1. Along each of the three principal axes of the Cα atoms of region B:19-115, give the extent in whole Å, ordering the values from largest to smallest.
2. I'm checking a number: the convex hull volume of the Cα atoms of region A:113-214, normalised per residue, in Å³. What is it?
3. Considering only protein heavy atoms, what per residue accessible area in square angstrom results for region B:19-115 with a 1.4 angstrom probe?
4. Please compute the per residue accessible area over chain A with all protein chains in place, 1.4 Å probe, rounded to a whole number of Å².
5. Near A:Ala97, within a Cβ-to-Cβ distance under 13 Å, what is the net charge of the other residues, with Lys and Arg +1 and Asp and Glu -1?
6. Just add up the charged neighbours of A:Ala19: K/R +1, D/E -1, any other residue whose Cβ is under 11 Å from the Cβ of A:Ala19.
7. I need the trypsin sites (Lys or Arg not before Pro) found in region A:225-274, filtered to DSSP loop residues with at most 13 other beta carbons within 10 Å of theirs.
8. Taking loop as defined by DSSP and a crowding limit of 13 other beta carbons within 10 Å, which GluC sites (Glu not before Pro) in region A:94-150 fit?
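The values are calculated or read from the model by the stated rules, or taken from the named source; none is laboratory data. Since the model is a prediction, treat every value here as computed from it, not as a measurement. Reconstructed Cβ throughout: ideal geometry from the backbone, glycine too, with neighbour counts over all protein chains shown. Just so you know, the surface numbers come from the protein's heavy atoms only, side chains and all, with ligands and any DNA or RNA stripped out. Shrake-Rupley method; radii C 1.70, N 1.55, O 1.52, S 1.80 Å.
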Amino acid sequence: MAQILGGITTSHIPAVGNAIDKGLQDDPYWKPFFDGYPKVHAWIREHKPDYVVNIYNDHGLGFFLDRMPTFAIGAAHEYRNEDEGWGLPSLPPFPGAPELSWHIIESMVEDEFDITSCQELAVDHGFVVPMQLFWPGAPNNPDMPRAVPISANTVQHPIPTLKRALDFGKALGKALRSFPEEAKVVVLGTGGLSHQLDGQRAGFINKEFDQYCLENIVSDPEALTKISRMELVEKAGAQGTEFLMWMMMRGALGDEVTEITRNYHIPISNTAAGTLLLECAA
Amino acid sequence: MAQHSHDYHIDIPGTTVFDGRMAMKGYALNKMCYDFNRAENREAFKADPEAWMEKYGLREEQRQAIRDNDILAMIEEGGNIYYLAKLAGIFKLSVQDVGGMQTGRTREEFQAFLASQA
């Protein structure tokens, strides 16, 4: 049976993709952000996951408002990033793992989660930037695992509740652990932390709330399910609702986790950037 | 059913919750912006913005917001920031530029505001 090694979270700001493309990792603006990743790289090199489940939120590439799935799972042989309208470089395709995708879909629908399955799915910066951060040179990194993308709707309300996100993760964890292959899996939760791009409140960042979320996502994620969605918009910012991806990731890891590394930095672009690596109990 | 049974009616100053009501209002505007994912559509808009807005059936208020480069008015007209970002990309505007335009700050002032929250 497959084993879940742990989970990694990161912000997925588009500007990070440009910074990587231009090699700005040691630039004074970017260094405090990129300094959060060497420990993640070392952990990945040590454990070499075979599969990566990348939980992100599409921002208007793979899905539009004509059909907006609340939870979508990719089931393709490969995933390509495409033009999002403002000039991120296009990359070679990321290898998929359709047999694992379908195993997850079967298991989760049996557990009464209603899934949209996608045999074609263009992946945007929400998926790509974390891959580039964790596997430098991605997808052309020799350790690049095969990927299963999972996208949750945070574009249009109603978005899922924090409880639903955590429960989704729990069902995902059950699905992964029942995959009949001796394989190692890592789960990503991307996006966040606090930020708001739109309105007179654009530029809103909330360090205190982010720190509360960072503490509790490690030790007491159930406590975070008491936050209502409107409270999340109010305290994390309109786009800080991406924290739902962190909740989904956390649910998959089980109760006991060990924190390996954490980084938090304000600001990268308009966002409070957070990175966290949690290892599952063996 | 009473609306207060849902979790979407609190007032957050300076924030528009993009819900079904806004999604209906902004559909044509957002569809046009979503289609800016394709370079040929960006070029067509640049060549003749009025004809391109007509093609997508934008309401007059939406067209005026675009003519005025008024992001807050676009949001009021149902624009969703993730799609509007693609329109901003045509004009080479960063999210800090867009933030400044909405809050009455220059780009540098907006960046300083962000950093002040560290």
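1. That works out to 41, 30, 20 Å along the principal axes.
2. Cα-based convex hull of region A:113-214, divided per residue, equals 167 Å³.
3. 47 Å²
4. 36 Å²
5. Neighbourhood net charge equals -2.
6. Details: positive: A:Lys22, A:Lys31; negative: A:Asp21, A:Asp26, A:Asp27.
Local net charge: -1.
7. Taking region A:225-274 and a limit of 13 other Cβ atoms within 10 Å, the loop trypsin sites (Lys or Arg not before Pro) found are A:Lys226.
8. Numbers: sites: A:Glu99, A:Glu106, A:Glu110, A:Glu112, A:Glu120; in loops: A:Glu112, A:Glu120.
Sparse-neighbourhood loop GluC sites (Glu not before Pro): A:Glu112, A:Glu120.
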